[in-house]
Amino acid sequence: MKIIETIYRIIFKKERLFILVILFIYVLFHKLFESILSNTVVKYVFDYVESTWCNDTLIILLIALFGISAIYRSNKYRFTVSNKVLLINILFVLFYLYYRFWGEVWSFKPFYFINSINYFDSLVILLIIQWILLNKTTLKPAENKGISFINDVAIGKNGTDELSYSKYANQLAERIISSNFKNSFAIGINGKWGNGKTSFINILKTNLDAHNIIEVDFNPWDSNSPKGIIQDFFEKIQESISPYHSTLSKLLNSYSSKLLAINDNNLTKSFQSIVNKITDYETKSSLFYDINEALKNIDKKLIIYIDDLDRLDKEEIVEVIRLIRNTANFCNVFFVVAYDRNYVIKALEDHNNYNQEQFLEKIFQIEISLPHFDRIILREKLAKMLIEKLPVKHHHAINDAVIGSSSSGIPTYLNEWLENLRDVTRLANGLILNIQSLLEDVVLSEFIRLELIRLKYPSVYELLYKNTEKFLEVTRDENTYAKYQFKELEKQEISEINNKFKNCKISLELYLRMNFSDLSIKENEIDKIVNLLGGIFGSNQPYYSIKRSHISVTVPTMFNRYFAYSLSEGSLSEVEFSDARRLLTQEEFNFKILELVKNGLESELKYRFEKIKSFDNKEDFEKIITGIFYLAKQKSKYPNRLQVGFDAKNLVD
């Protein structure tokens, strides 16, 4: 049965059906068409073509030009021939070949030099070229490379259920299969954008696939207007249901035409009413009854999926709801509609000022809020995406930064920031693009925090970068290492601000609370932003007490690279310094130090040396100590000192 249905759908698609009908008509009335062609095109055009060397040359040149042009466009632009054009050309060639070898109506002019080949045989050559072009482009589709972006796509039918929706979708499918109603039944799938509504619907389809069901995917956002939604809806229904009933498609067409006429204007309504009274023209209610009876005879459930209702404007949403509740309230029709409930309720305010929530409850007999899932799933998904795209040597750091471990701790802040798979994909793409050239030179966990700010609140990200000195201050810990932390408000500043901001302790928070509207952020999200950045720059956060890497964003000389997505000109790469320490001789290492000092990197070099607390071997120890003294003796670029010098305490350490 499945094979027959597949063949039916291949043959009886509208465009192919039209070609088959034309072919059938020609075969049936071929004598008439042959006579018409003989007395027109053949008589007044082709009869005047002669076999000459000049015509031979012209035909060969045209074929060569077509071939060269096709190959050039194929290689340069991946130009290909559409299936429809190819099908029409095949029919023309078959038409010609029949009359060339079996038909006795016409004779064709041969080449002047080769009598066995006709001028029209060039059609076959052109068809072969087109066929080669089609195969060349379709057999070798472009594939994603290792550093490609990750696409935000829903789980397809029979895809991996990463959010564990299968069990819940299966329960819903069992109830749909067991239910039979005289009217339509509407099921709402409620969830925020990116929460996996489309994936849930696809999993539901998988569970319904083997049963006596007709599925229709209706995308109202493809329609040009609210009125167009009605027309597109019934056209989609007709296309899906036509194989199952001889007249149902016609009934649906008449019904939709009547609905469109009724919705036009008062003049149309009056005219339609007069027509109904004078003639035996079917009324809207009688058509509705006939459609219902036809659906009963088919004895199949019609399931209509409407995804992303919250993509529409308010007028379009009202039109879709009218379709669900009244216009298409047919027997055994199930609507499965995905939307963000808050968005839809807001859109209904103008339509029904009284109680939008109750109005929505009247439309959908059941509303399903997608089940909550463990946020560790999203962190695992993020780690998996990054591991697939970034080098193996960084996989351990990725797991520590995203999944967590006993040594690095659990990054629970990600549970608050990653709400759905769309958030995961966006963050993964941002990291893959921006950290590619910095993997060796940044702390991944800090970079992730800053990337979250950039994605969610770009105005805050820009503010922190462009006004660093206003919101961050350089401090020194017990080891005298310079580092950035939040700039705290002074007592005088606190006394000058009004009571509304009395709880603000840091300058960044105060600025955000005073300017959140201009920065396009919500006031209730300020704490979330400050807490995230506090994981890096906050003096009281647990994360801050962990010993910082010398390439942390809190290190003043490292700060810019976290915002520039690459090492700025003249910056000292961690890879560059490590390779110099490991691979160069003492003499070469000293020369490298001299070169870096001349480039103004003496502070970075001093800091890098200070951070070295362990050594590979005796030779490595001697190279570093010798390098420190060599650096100390170099002439400083700073005007207030003669030599670079060194910190005695750090040297002893």
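The values are calculated or read from the model by the stated rules, or taken from the named source; none is laboratory data. Nothing here was measured: the structure is a model prediction, and the numbers come from that model. Quick reminder, even Gly has a Cβ in these numbers, built from the backbone with ideal geometry, and neighbours come from all protein chains shown. Calculation scope for accessible area: heavy atoms of the full protein, side chains included, ligands and nucleic acids excluded. Shrake-Rupley method; radii C 1.70, N 1.55, O 1.52, S 1.80 Å.
Any idea how far the Cα center of the range 48-122 sits from the one of the range 379-426, in Å?
Between the Cα centre of the range 48-122 and that of the range 379-426, the gap is 60 Å.
Report, by chain and number, residues whose modeled amide H sits under 5 Å from the one on Phe185, excluding near sequence neighbours (fewer than 5 apart, same chain).
Amide H neighbours of Phe185, under 5 Å, 5+ apart: Val333, Phe334, Phe335.
Quick one: of Lys592/Lys618; Lys491/Lys606; Lys192/Lys502; Lys205/Lys314, which pairs are farther than 25 Å apart, Cα to Cα?
Working: Lys592/Lys618 21 Å; Lys491/Lys606 36 Å; Lys192/Lys502 35 Å; Lys205/Lys314 28 Å.
Listed pairs above 25 Å: Lys491/Lys606; Lys192/Lys502; Lys205/Lys314.
Sort the range 324-417 into rounded, prolate or oblate with this rule: let a ≥ b ≥ c be the square roots of the eigenvalues of the Cα gyration tensor; rounded if a/c is under 1.5, and if a/c is not under 1.5, prolate when a/b is larger than b/c, oblate otherwise.
Details: a/c = 4.01, a/b = 2.80, b/c = 1.43.
Here the range 324-417 falls in the prolate category.
Please compute the length gained on full extension between Asn135 and Ser35, using 0.36 nm multiplied by the number of residues separating them and subtracting their Cα-Cα distance. Kindly include the intermediate steps, with their values, before the conclusion.
Values: separation 100, 0.36 × 100 = 36.00 nm, distance 3.81 nm.
Extending this stretch completely gives an extra 32.2 nm.
Taking the alpha-carbon set of the range 350-488, what are its Rg and Dmax in Å?
For the range 350-488, the Cα-based Rg and Dmax read 20.6, 68 Å.
Calculate the FRET efficiency for Tyr72 and Ile410 from the Cβ-Cβ distance with a Förster distance of 51 Å, rounded to the nearest 0.05.
On the way: r = 58 Å, r/R0 = 1.14.
Efficiency, from the Cβ-Cβ distance: 0.30.
Before I look further, what does the range 195-254 give for accessible area per residue, probe 1.4 Å, in whole square angstrom?
Working: 2590 Å² over 60 residues.
Here the residues of the range 195-254 average 43 Å² of exposed surface.
Pairs of alpha-carbon atoms within less than 8 angstrom and 6+ residues apart define the contacts here; what relative contact order does the range 288-402 have, in percent?
Values: 78 pairs, mean separation 27.0, N = 115.
23 percent.
Using a 1.4 angstrom probe on the protein heavy atoms only, could you order Phe101, Phe108 from most to least accessible area?
Numbers: Phe101 125, Phe108 50 Å².
Descending order: Phe101, Phe108.
State the answer as a single residue: which of Val474, Gly430, Ile398 lies farthest towards the positive end of the charge dipole of the range 361-475, with beta carbon charges of +1 for Lys and Arg and -1 for Asp and Glu, about the Cα centre.
Value computed over the given set: Gly430.
Roll a 1.4 Å probe over the protein chains and send me the accessible area per residue for the range 384-445 in Å². Spell out each step's value before the answer.
On the way: 2660 Å² over 62 residues.
I get 43 Å² per residue for the range 384-445.
Go ahead and collect, in residue order, the members of the range 187-206 whose backbone nitrogen is under 20 Å from a label point 7 Å along the Cα-Cβ direction of Asp374.
Hits in the range 187-206 for Asp374 at 20 Å: 196.
Let's test the formula: R0 of 30 Å, r as the Cβ-Cβ distance of Asn224 and Glu523. What FRET efficiency results, to the nearest 0.05? Write out the running numbers ahead of the final one.
Numbers: r = 39 Å, r/R0 = 1.30.
Plugging the Cβ-Cβ distance into 1/(1 + (r/R0)^6) gives 0.15.
Please work out the FRET efficiency for the pair Ile625 and Glu473, using the Cβ-Cβ distance as r and a Förster radius of 35 Å; give the result to the nearest 0.05.
Numbers: r = 34 Å, r/R0 = 0.96.
Step by step, r from the Cβ atoms, then E = 0.55.
Let me check something: with ligands and nucleic acids excluded, how do Val49, Val81 order by accessible area (1.4 Å probe), largest to smallest? Write down the numbers at each step before the final one.
Details: Val49 50, Val81 15 Å².
So, going from the largest accessible area down, we get Val49, Val81.
Between Asn499 and Tyr168, 0.36 nm times their residue separation minus their Cα-Cα distance comes to what? Can you show the working numbers first?
Numbers: separation 331, 0.36 × 331 = 119.16 nm, distance 4.97 nm.
Stretched out fully, the Asn499 to Tyr168 stretch lengthens by 114.2 nm.
With each label point set 7 Å from Cα along the Cα-Cβ vector, what nm distance links Glu419 and Ser246?
That separation, rounded to one decimal, is 5.5 nm.
Ignoring everything but the protein chains, give the 1.4 Å probe accessible area of Ser539 in square angstrom, nearest 10.
Rounded to the nearest 10, that gives 50 Å².
At 1.4 Å probe size, what's the solvent-accessible area of Phe621? Round to the nearest 10 Å².
90 Å²
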